[in-house]
Amino acid sequence: MRNHLEGETELTRAWEADPSALFKRRLGKSAKELGKTDGRDDCPDIWQLDNGDIAVIGRDLTAVYRPRLPDGVTLAPDERLVIIPGSMLSAAKADIPDA
């Protein structure tokens, strides 16, 4: 699989996000249902895509966390570390199948 981001060197990876995948279903509850929004355009969310991958919408805190990542944890130049409310992931637990 190839990484086709503009300005990036092509890398062979074991997994690559498929930009053609579509949103299939929300996992858990919406930010509104959890009381984690003020009604503006700033709502965290978790979605399953039609190819089975998961999309997470959260606050981009990559720059804050990059210097203090645990040993063995790395972020590629095209990856972002996002934060969502813990209650949102807990609410999605029932929608996430066991491996």
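The values are calculated or read from the model by the stated rules, or taken from the named source; none is laboratory data. Quick caveat: nothing in here was measured; it's all calculated off a predicted structure. Heads up, the Cβs are rebuilt from the backbone with ideal geometry, glycines too, and the neighbour counts pull from every protein chain shown. Side chains included, ligands, DNA and RNA excluded: accessible areas come from the protein's heavy atoms. Shrake-Rupley method; radii C 1.70, N 1.55, O 1.52, S 1.80 Å.
Could you tell me which residue out of L22, P67, A91 lies farthest along the dipole of the chain toward its positive end? Charges go on the beta carbon: Lys and Arg +1, Asp and Glu -1, centred on the Cα centre.
Among L22, P67, A91, the one farthest towards the positive end of the dipole of the chain is A91.
Report Rg/Rh for the range 54-99, rounded to two decimals, where Rg is the Cα radius of gyration and Rh the Kirkwood radius.
Rounded to two decimals, Rg over Rh is 1.03.
Short version: ³J(HN,Hα) in whole Hz for each residue of the range 53-59, in order, from phi by Karplus 6.51 cos²θ - 1.76 cosθ + 1.60 (θ = phi - 60°), x for Gly and Pro, what are they?
For the range 53-59, the Karplus-derived couplings read 6, 10, 9, 10, 9, x, 7 Hz, x marking Gly and Pro.
What's the percent breakdown of Cα-Cα distances in the range 22-61 across 5 Å bins, shortest bin first?
Reading upward from the zero bin: 6, 24, 27, 23, 16, 5, 0.
Relative to 2.2 N^0.38 Å, what does the C-alpha radius of gyration of the range 8-74 come to as a ratio? Two decimals please.
For the range 8-74, the normalised Cα radius of gyration is 1.42.
As a test of reading the structure, rank K93, K24 by solvent-accessible area (1.4 Å probe, protein chains only), most first. Walk me through the numbers on the way to the answer.
Details: K93 155, K24 130 Å².
Correct descending sequence by accessible area is K93, K24.
Is there a quick way to get the dipole size of the chain? I mean about its Cα centre, with the Cβ of Lys and Arg at +1 and of Asp and Glu at -1; what is the value in debye to the nearest 20?
On the way: 14 positive and 18 negative charges, 91 e Å.
Using only the charged Cβ atoms, the result is roughly 440 debye.
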